[in-house]
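Following: one structure in structure tokens, then a few remarks.
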Amino acid sequence: MKTPISKIESATAGKHEVRYYLKNAWLDVEKKRLIATDGHICAIVPAELEEGDITGPITSEALKNARASKSKSIEAKGSLVLDNSASYPREPGIKYPDVDRIRPTEEFKIVISLDAALLLRLAEAINDPEKNYRKSQVVTLHISGPESTVQVTGNNPDAVGMIMPIRIKS
């Protein structure tokens with residue numbers, strides 16, 4: 001698999017997750033993609049396959065090492081082999097969630113683009129840190145239109161924020 005090694009493993013579950021299969025990313029050879037989910041978020045990125053790559057788990061450890069060593073590829077056959085010769089076993093018989101089942105298929109009514117870093121700053125500004133949900137900053141987005149200011153509310157009922165959508169030229 002020749003794919004820019006992103007931080008996709010950050011979408012995998014932590015080491016204490018009981019659903020052990022979510023601790024790894026998943027190479028889907030048929031659809032030429034790499035998938036990672038922790039049950040709350042799901043990241044799907046395109047994968048450029050090499051001959052002989054097979055569908056199955058890609059360990060977070062292999063992905064982290066590939067990025068750290070600036071590997072350009074991961075051979076995904078019976079085991080995982082980086083171009084620096086580091087090797088990682090692949091656990092056979094693992095089932096992975098069917099992400100296509102939860103992916104929306106209907107046409108979206110409103111599509112907006114937001115700067116994720118700005119949204120995080122806003123969430124930190126309006127949320128009460130004493131009322132964190134699962135140690136995170138939960139926000140609700142109130143969207144009235146694709147070019148309108150998005151109102152953002154959090155866990156503090158007296159605080160409100162606004163963020164402008166980004167206009168992306170096609």
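The values are calculated or read from the model by the stated rules, or taken from the named source; none is laboratory data. Model, not experiment: these values are computed from the prediction. Here Cβ is always computed from backbone atoms with ideal geometry, including for glycine, and neighbour counts include all displayed protein chains. Keep in mind that these areas ignore ligands, DNA and RNA; they rest on the heavy atoms of the full protein, side chains included. Shrake-Rupley method; radii C 1.70, N 1.55, O 1.52, S 1.80 Å.
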J(HN,Hα) series, region 65-73, from Karplus relation 6.51 cos²θ - 1.76 cosθ + 1.60, nearest Hz, glycine and proline x: 5, 4, 5, 5, 8, 6, 4, 9, 7
Per-residue HN-Hα couplings for region 42-47 [Karplus 6.51, -1.76, 1.60; θ = phi - 60°; Hz; x = Gly/Pro]: 9, 10, 10, 10, x, 10
Would you work out the relative contact order for the chain, in percent, from Cα pairs under 8 angstrom that are 6 or more residues apart? 15 percent
With every protein chain in place, the chain: carbon and sulfur % of accessible area (1.4 Å): 53 percent
Region 96-162 - convex hull of the alpha-carbon atoms, volume per residue in Å³: 129 Å³
5 Å is the cut-off here: which amide hydrogens, built 1.01 Å from N in the peptide plane, fall below it relative to D115, excluding neighbours closer than 5 in sequence? I166
Long-range amide H partners of N156 with built H, under 5 Å: D128
Backbone HN-Hα couplings from phi across region 104-117 [Karplus 6.51/-1.76/1.60, Hz, Gly and Pro as x]: x, 10, 6, 6, 6, 6, 10, 10, 10, 10, 10, 7, 4, 5
Points 7 angstrom from Cα along the Cβ direction at T55 and I102: gap in nanometres? 1.9 nm
Two decimals is fine: what's Rg over Rh for region 1-75, C-alpha atoms, Kirkwood radius as Rh? 0.94
Stokes-Einstein D in µm²/s, Kirkwood radius over Cα pairs - the chain at 37 °C with 0.692 mPa s viscosity: 178 µm²/s
Cα centroid distance between region 58-73 and region 93-128, in Å? 25 Å
Among all the aspartates and glutamates, which ones have a C-alpha under 19 Å from K70's C-alpha, if same-chain residues fewer than 8 places away are not counted? E9, E48, E50, E61, D83
Counting only residues 5 or more places away or on other chains, whose amide H sits under 5 Å from the amide H of S73 once H atoms are built in the peptide plane? D83
Taking a ≥ b ≥ c as the square roots of the eigenvalues of the Cα gyration tensor, with a/c under 1.5 meaning rounded and otherwise prolate when a/b exceeds b/c and oblate if not, region 40-111 is prolate
